[in-house]
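Step one of this worksheet: look at the structure below.
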Amino acid sequence: MSGENLNLWSLFKKGDKDAFLKIYHSNYEILYSYGFKISGNSDLTRDVIQEIFADLWEKKSTVADVVHIKAYLLKYLRRALLTKITAEKKSQGLNTNEENLFEVSISPEDLLIKNQISKEQERKILDALAQLSPRQREIIYLKFFDELDYQAIQDITSLNYQSLRNTLHKALQSLRKILAIQIIFFLLIINRL
């Protein structure tokens, strides 16, 4: 954690409203983006973000020191969303397996932000990503779109280091296979013409 962030967190814990607001404003967009990808519900995401910041402010003096503010907040949001989504699904009599709760989706806008790609490439990548498990999409999103390191992703997802690496490796292998098959299929069609 940079010295500035460490100081900001320390000031927040002492009750500095400006430090708290700076933490809120500098992390809101990434929290909203990640939360919406998990919940698919804009209102729920906004509500939960407000709840976690209200909870943080209320418990400011007892909140732990953190190494990465962004990772801490993403984990907090993930846990809070999991609680809300699980309760909602249980009330509806649906499956509450955590692996199936998080349907992280990656949008065309996410791809355009990261790379300038053609519409055809975008469609192929989105189709390939849709074939991954929810956990694999979540890890891909955190690693490549939010550009978090393994420690931060491990903190957010509660996966141990080796499971995280294995899941990411399998996701990337799957993407390579899926995208390679599409390229081969495309070449076969062209050869027939």
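The values are calculated or read from the model by the stated rules, or taken from the named source; none is laboratory data. Since we're looking at a predicted model, the values are computed, not measured. No Cβ is skipped: glycine too gets one built from the backbone with ideal geometry, and neighbour counts run over all protein chains shown.
Working only within segment 49-69, note down all residues that are within 25 Å of residue 143 (Cα to Cα) and in contact with a helix residue (DSSP H, G or I) (Cβ under 6 Å, 6 or more places away or on another chain).
Matches in segment 49-69: 49, 52, 53, 66, 68, 69.
Given the criteria crowded, with 17+ Cβ neighbours inside 10 Å, closer than 22 Å to residue 149 by Cα and among the β-branched types (Val, Ile, Thr), does residue 38 qualify?
Spelling it out, residue 38 is indeed crowded, with 17+ Cβ neighbours inside 10 Å, closer than 22 Å to residue 149 by Cα and among the β-branched types (Val, Ile, Thr).
Yes or no: residue 147 among the acidic types (Asp, Glu), in a loop (DSSP other than H, G, I, E, B) and modelled with pLDDT of 75 or more?
yes
Quick one: what pairs do we get from segment 55-84, first residue in a loop (DSSP other than H, G, I, E, B), second among the polar types (S, T, N, Q), C-beta under 8 Å, 6+ apart or different chains?
65/10; 67/151; 68/151
Taking segment 4-48 as the search range and keeping residues that are at pLDDT 90 or above and of a type in the set (Val, Ile, Thr), which one is farthest from residue 141 (Cα to Cα)?
23
Quickly run through segment 22-54 and pick out the residues that are in contact (Cβ under 8 Å) with a residue 24 or more places away in the chain and of a type in the set (Asp, Glu).
51
Is there a residue in segment 168-190 that is at pLDDT below 80, among the polar types (S, T, N, Q) and not assigned by TED's automatic domain parsing to the domain that holds residue 40?
Yes, some residue in segment 168-190 is at pLDDT below 80, among the polar types (S, T, N, Q) and not assigned by TED's automatic domain parsing to the domain that holds residue 40.
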